[in-house]
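The values are calculated or read from the model by the stated rules, or taken from the named source; none is laboratory data. Predicted, not measured: the structure shown is a model, and the values here were computed from it. Cβ atoms come from the backbone with ideal geometry, glycine included; neighbour counts cover every protein chain shown. These accessible areas exclude ligands, DNA and RNA; they are computed on the full protein's heavy atoms, side chains included. Shrake-Rupley method; radii C 1.70, N 1.55, O 1.52, S 1.80 Å.
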Amino acid sequence: MKTFPLSPGGAADNVTLIDDVITLTDLTPLPRFGLKGRGSAAWLQAQGRPLPQINQIASGVLRLGREDLVVVEAADDLRAAWHAAPAPKGYNAWREETWAWMHLSGQHLGDVLAKICPVDLSPAAFKDNQIAQTRVGYLEAIIWRHTFEGREGFSVFFDIAATAFFANAVTTAAREFSEG
């Protein structure tokens, strides 16, 4: 059993995730699979996965670079196929081990993101299939529009060691919009 930062005994144990004018949901335990290096894109495409353009997402595949991909849908099945496959197939980028995954949603999402992210994430400027590799909550991050359990918002990947810092940065940014 893996211990994640927010789980009991984890590095961010006892950190409360905001659920007020904005909701921060920890998706870190969800499976994902990162591939990087020569052969990654061709191997993934041979598995029947469409390859989006760089800095876009399609069918659960985030393309961060020519040969830098993260799969967030059916990742465990794909990982098993990758382990069984002969080279060339790139290498495992260990995204499930090194990146925290948070989902932000809520009434003041746009206001809070405007404070903690330099990219204009409004629907007019940032389309549904786009990815931004930028800073979010004062951390280097990857952000994309994502609906989770019926809640429209954004998913964010960032260094897993900064989980408590990120949660506190989002909470601090949302404080001025708090109704309580």
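Tabulated data
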item: From the options Ile160, Ile143, residue that is over 15 Å from Leu109 (Cβ atoms) and β-branched (Val, Ile, Thr); result: Ile160
item: Residue in the range 150-167 that is without any contact (Cβ under 8 Å) to a residue 12 or more places away in the chain and open to solvent by 10 Å² or more (accessible area, probe 1.4 Å) present; result: yes
item: Residues of the range 136-148 satisfying the condition of being in contact (Cβ under 8 Å) with a residue 12 or more places away in the chain and of a type outside the set (Phe, Trp, Tyr); result: Val136, Gly137, Leu139, Glu140, Ala141, Ile142, Ile143, Arg145, His146
item: Output for the range 120-135, where each listed residue is without any contact (Cβ under 8 Å) to a residue 24 or more places away in the chain and open to solvent by less than 60 Å² (accessible area, probe 1.4 Å); result: Ser122, Ala125, Phe126, Thr134
